[in-house]
Amino acid sequence: MAQFSYQATKSDGSKVSGQVEATDRSSAIKLIVKQQLKPFRIEETKGKSSLSFLSNKKVKSDHIVIFTRELSAMVGAGVPLLRALTSLQSHTESPALKTVLESIIHDVEAGSPLGDSLAKFPQTFSSVYVNMVRAGETAGILDEILKRLAMQQEKNATIRKKIKSAMTYPMVLVGITVLAFFGLMLFVIPQIGKIIQDLGGPDAELPSLTVFMLGISGFMIQFWYILFPLLIVGVVFLLRWLRTPNGKLALHTLMLKLPGVKTIVTKVAMARFARTFSALIGAGVAVLEALEVTARSLGNVVYEKALLDAIPEVQNGVMLSSVVAKNPLFPAIVSQMLAVGEETGQTDTVLVKVADFYEEEVDVAIEGLSSIIEPVMIVVMGGMVGLIAASVMLPIANLSQTIKS
């Protein structure tokens with residue numbers, strides 16, 4: 001038995017929350033409905049499948065896309081689901097996916113819906129994926145839903161690859177700059193400082209910049225056994241903190257304030273919102289559940305909170321376009337297009353256009369940011385080297401003037 005936490009509404013519109021024990025999600029929904037409640041959020045909390053550890057080895061997104069495409073083609077061609085899964089499991093090149101599919105096949109053979117079987121592997125199949133598959137099974141259009149899923153994943157993977165590609169060169173420059181700084185401070189500056197002091201004598205007056213750089217170098221050499229462990233611990237602590245809810249909120253809020261970065265974050269979030277929400281609505285998922293699932297797939301907790309805060313208003317009858325229009329996080333075009341979709345009954349179709357628009361905008365924004373970051377990093381690295389060079393050349397120039405006089 002698994003334990004599910006839920007949030008639901010009573011017949012009078014008031015909200016309640018609680019927990020139920022059931023064999024699967026469908027059984028949990030039935031138990032909640034029997035209590036004359038209307039659930040709008042259900043989440044498994046305890047008793048999760050003991051097989052979920054099999055998905056600890058992450059399956060690459062490319063393998064998931066290929067699997068989804070092939071499963072869609074086979075189901076659309078009339079191949080029975082179990083046979084299609086067995087065939088894909090035997091031919092996949094991913095050992096991790098092969099292990100996951102083995103468990104899924106076992107569950108489907110036992111009579112479990114495909115969506116519930118996929119839900120046991122949240123590291124492999126996202127909540128968006130699972131909810132769309134469940135909607136496709138309910139509506140009898142699983143092959144069409146799988147096609148949408150594959151396209152959506154390809155779009156998301158493309159955006160992720162472009163962002164990683166754009167950030168690779170700047171991160172390499174940052175790494176080189178840090179290594180160069182420590183190398184110069186630990187090995188070069190001390191030797192040059194010794195030479196300068198030998199030439200000028202112990203009473204020689206050195207420029208303030210040189211004294212400052214020699215001081216930093218001496219401190220690093222003297223206390224390296226304290227400095228480097230502290231640096232490593234600090235980096236580890238920072239990375240762990242950034243994984244906490246407060247850390248994520250602080251980081252994502254900062255990203256929405258940085259010039260250049262804010263533009264990319266906003267456009268990526270809008271592209272994901274439009275494509276994910278349109279896919280869920282097109283699959284027949286209820287609006288409130290689609291909003292919740294979409295919020296958790298945006299990759300930014302600030303936007304996630306904004307969408308989750310919109311759920312109560314939408315539940316009370318306010319149009320989503322009106323709620324979005326009041327939030328400055330969402331560009332005006334999003335609320336306008338949502339309003340058009342709500343008026344015409346084609347929200348999913350309209351949002352696909354919005355997603356296409358913002359995905360193109362992301363490409364332009366990334367290229368623009370890359371063209372700015374690269375020269376900035378080169379200037380920073382050059383400035384650091386120039387500062388050290390100046391601290392070395394100034395006393396040498398002073399010594400040469402002293403010798404001439």
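The values are calculated or read from the model by the stated rules, or taken from the named source; none is laboratory data. This is a predicted model, so every value here is computed, not measured. Quick reminder, even Gly has a Cβ in these numbers, built from the backbone with ideal geometry, and neighbours come from all protein chains shown.
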Checked against (1) part of a helix (DSSP H, G or I); (2) out of contact with any helix residue (DSSP H, G or I) (no Cβ under 6 Å at 6 or more places or on another chain); (3) of a type outside the set (Gly, Ala, Ser), VAL128 satisfies every condition except (2)
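Among the residues that make up region 94-111, is at least one of them out of contact with any Asp or Glu (no Cβ under 7 Å at 6 or more places or on another chain), touching a residue at least 60 places away in the same chain (Cβ under 8 Å) and either more than 30 Å from SER371 (Cβ to Cβ) or among the small types (Gly, Ala, Ser) (or both)?
Our first condition is that a residue be out of contact with any Asp or Glu (no Cβ under 7 Å at 6 or more places or on another chain); within region 94-111, this holds for 94-111.
Imposing the further condition that a residue be touching a residue at least 60 places away in the same chain (Cβ under 8 Å) reduces the set to none.
Taking every residue of region 94-111 in turn, none turns out to be out of contact with any Asp or Glu (no Cβ under 7 Å at 6 or more places or on another chain), touching a residue at least 60 places away in the same chain (Cβ under 8 Å) and either more than 30 Å from SER371 (Cβ to Cβ) or among the small types (Gly, Ala, Ser) (or both).
Identify all residues within region 98-124 that are over 18 Å from ALA84 (Cα atoms) and either crowded, with 18+ Cβ neighbours inside 10 Å or in contact with a Gly (Cβ under 9 Å, 6 or more places away or on another chain) (or both); write none if there are none.
ALA119, LYS120, PHE121, THR124
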Would you call GLY193 of a type in the set (Gly, Ala, Ser), loosely packed, with under 14 Cβ neighbours inside 10 Å and on the phi < 0 side of the Ramachandran plot?
-> no
Just one of (1) more than 21 Å from the chain's Cα centre (by Cα); (2) in the same structural domain as ALA73 (by TED's automatic domain parsing); (3) not aromatic (Phe, Trp, Tyr) trips up GLY140, so point out which.
-> (2)
Quick one: what pairs do we get from region 306-329, first residue not assigned by TED's automatic domain parsing to the domain that holds LEU291, second of a type in the set (Lys, Arg), C-beta under 8 Å, 6+ apart or different chains?
-> none
Could you say which residue among LYS120, LYS162 is more than 19 Å from ALA73 (Cα to Cα), part of a helix (DSSP H, G or I) and charged (D, E, K, R)?
-> LYS162
Can we say ASP348 is in a helix (DSSP H, G or I), out of contact with any Asp or Glu (no Cβ under 9 Å at 6 or more places or on another chain) and at pLDDT 80 or above?
-> yes
In this structure, does GLU289 turn out to be closer than 25 Å to ARG148 by Cα and either among the charged types (D, E, K, R) or surrounded by 15 or more Cβ atoms within 10 Å (Cβ to Cβ) (or both)?
-> yes
State all residues of region 97-155 that are hydroxyl-bearing (Ser, Thr, Tyr) and at pLDDT below 80; if no residue qualifies, say none.
-> SER127, THR138
Condition met for ARG272 (free of Cβ contacts under 8 Å to residues at least 40 places away in the same chain, among the basic types (Lys, Arg) and either out of contact with any Asp or Glu (no Cβ under 6 Å at 6 or more places or on another chain) or not assigned by TED's automatic domain parsing to the domain that holds ARG41 (or both)) = no
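What is the residue count in region 77-97 for residues that are loosely packed, with under 14 Cβ neighbours inside 10 Å and either within 21 Å of ARG148 (Cβ to Cβ) or not charged (D, E, K, R) (or both)? Steps first, please.
First, the residues of region 77-97 that are loosely packed, with under 14 Cβ neighbours inside 10 Å: 77-78, 80, 82-83, 90-91, 93, 95.
Right, trim to either within 21 Å of ARG148 (Cβ to Cβ) or not charged (D, E, K, R) (or both) and you get 77-78, 80, 82, 90-91, 95.
Counting residues in region 77-97 that are loosely packed, with under 14 Cβ neighbours inside 10 Å and either within 21 Å of ARG148 (Cβ to Cβ) or not charged (D, E, K, R) (or both) gives 7.
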Output for region 366-397, where each listed residue is more than 20 Å from VAL268 (Cβ to Cβ), aliphatic (A, V, I, L, M) and out of contact with any helix residue (DSSP H, G or I) (no Cβ under 9 Å at 6 or more places or on another chain) | VAL379, ALA389, MET393, ALA397
Matching residues in region 312-325 - criterion: being in contact with an Asp or Glu (Cβ under 9 Å, 6 or more places away or on another chain), closer than 27 Å to THR263 by Cβ and either aliphatic (A, V, I, L, M) or surrounded by fewer than 19 Cβ atoms within 10 Å (Cβ to Cβ) (or both) = LEU320, SER322, VAL323
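Looking only at residues in region 328-370 that are of a type in the set (Asp, Glu) and within 21 Å of the chain's Cα centre (by Cα), which one is surrounded by the most Cβ atoms within 10 Å (Cβ to Cβ)? First the steps, then the outcome.
Initial filter on region 328-370 (of a type in the set (Asp, Glu)): 342-343, 348, 356, 359-361, 363, 367.
With the extra rule that they be within 21 Å of the chain's Cα centre (by Cα), the set shrinks to 356, 359-361, 363, 367.
Numbers: ASP356: 14, GLU359: 21, GLU360: 12, GLU361: 18, ASP363: 15, GLU367: 11.
It comes out as GLU359.
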Within region 139-151, is even one residue surrounded by fewer than 15 Cβ atoms within 10 Å (Cβ to Cβ) and assigned to a helix (DSSP H, G or I)?
-> yes
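With region 238-326 as the region, which helices (runs of 4 or more DSSP H) entirely inside it contain at least 1 residues that are touching a helix residue (DSSP H, G or I) at 6+ places or on another chain (Cβ under 7 Å) and among the charged types (D, E, K, R)?
Working: elements: 245-255, 261-282, 287-295, 301-315, 320-325.
Result: 245-255, 261-282, 287-295, 301-315.
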